[in-house]
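Below is one structure, written out as structure tokens; comments come after it.
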Amino acid sequence: MTQVMAMAEMLKRCPECGSINLSWNRDKGEIVCKDCGLVIEDKMVDFSQEWREFDSTEADKKRRTGAPMTYTQFDQGLGTEVGQKGDIFRLGGRDRNKFFRLRKWQYRISTAIERNLKLALAELKRVSSSLKLPRSVEEESARIYTLAVQRGLVRGRSMESVVAGALYAACRRHEVPRTLDELSEASQIEKKEIGRTYRFVTRELGITILPSNPADYIARFASALKLAAETQSKSIEILEKAQKAELTSGRGPTGIAAAALYVSALMHGEKRTQREVADVAGVTEVTIRNRYKELLDKLKLEKDIKKTKKKRRK
């Protein structure tokens, strides 16, 4: 809906006579009451396009704006490229050499920050693609890394570790469940180094990040273990009870989520070993076992598991 239509929708009634019989003159940009003749709004701007397009080629010729700004490019997408789409090869020999020299100088980025961003953002896209992260997370992580470079936070640290830390911070902000182990595997950086860099960058940039919700990991773990939808729903119920009983505070979200899924699988008669669940969640069997015992003791779930076993025997 354009601004004009939104304005007419807000007005609805004439302020003079209270009539709803309003007329919108597109040519003059006016809204007029047909009953009393009051000009309610004038000099309105129409933001719709004034040209028509019938195919993509014609649209490209008539469009007067480029791609939107993005932090995933070192120049935020505002730069131009010399000799794009093979235009150089249509020129003669002397002009072609001239534009080849221009393009070579264009690739020679002037500032150190731009050179750093060009290399780092390429690495960021590679890791993001490996982890199958959404576009919003990639954009946010690129913004965080750009701020870190501008404030000199990359000095003394490897570019790859700061990229991984920015990606992890963006995942946490957008509630996209990715563990440090997954980031470590994709970026080939040690887990401890990523965590250390992540904490440093978020502290220096003043980024507030809420604790991870264990329920965010349930869908991924259940899909990897090929569990039924009922098992997944029951595990979320168990996590809600665990949060009310304060069993999730001070514990890793992946461990408590995996344990809840393991308990739910036992309740629904879907056999999965603690080793299988631990491998999917990226934790140890000891962690699964400890969280499993806590859930059984505090939430008194042992009776439900016994009932399931009796039903299966019958």
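Pull up region 257-285, narrow it to residues that are farther than 15 Å from I218 by Cα and without any contact (Cβ under 8 Å) to a residue 24 or more places away in the chain, then point me to the one that is surrounded by the fewest Cβ atoms within 10 Å (Cβ to Cβ).
K271
Determine if region 11-26 includes at least one residue that is at pLDDT below 80, assigned to a loop (DSSP other than H, G, I, E, B) and within 30 Å of R143 (Cβ to Cβ).
There is no residue in region 11-26 that is at pLDDT below 80, assigned to a loop (DSSP other than H, G, I, E, B) and within 30 Å of R143 (Cβ to Cβ).
May I ask you to say which residue of E139, E114 is among the acidic types (D, E), assigned to a helix (DSSP H, G or I) and at pLDDT 85 or above?
Of E139, E114, the one residue that is among the acidic types (D, E), assigned to a helix (DSSP H, G or I) and at pLDDT 85 or above is E139.
Please indicate, with yes or no, whether at least one residue in region 143-151 is in contact (Cβ under 8 Å) with a residue 24 or more places away in the chain, within 19 Å of the chain's Cα centre (by Cα) and surrounded by fewer than 19 Cβ atoms within 10 Å (Cβ to Cβ).
Yes, some residue in region 143-151 is in contact (Cβ under 8 Å) with a residue 24 or more places away in the chain, within 19 Å of the chain's Cα centre (by Cα) and surrounded by fewer than 19 Cβ atoms within 10 Å (Cβ to Cβ).
Of all residues in region 188-223, count the ones that are more than 21 Å from the chain's Cα centre (by Cα) and surrounded by fewer than 14 Cβ atoms within 10 Å (Cβ to Cβ).
Summing the residues that are more than 21 Å from the chain's Cα centre (by Cα) and surrounded by fewer than 14 Cβ atoms within 10 Å (Cβ to Cβ) in region 188-223 gives 4.
The values are calculated or read from the model by the stated rules, or taken from the named source; none is laboratory data. These figures come from a predicted structure and were not determined experimentally. Glycine gets a Cβ as well: all are built from the backbone with ideal geometry, and neighbour counts include every protein chain shown.
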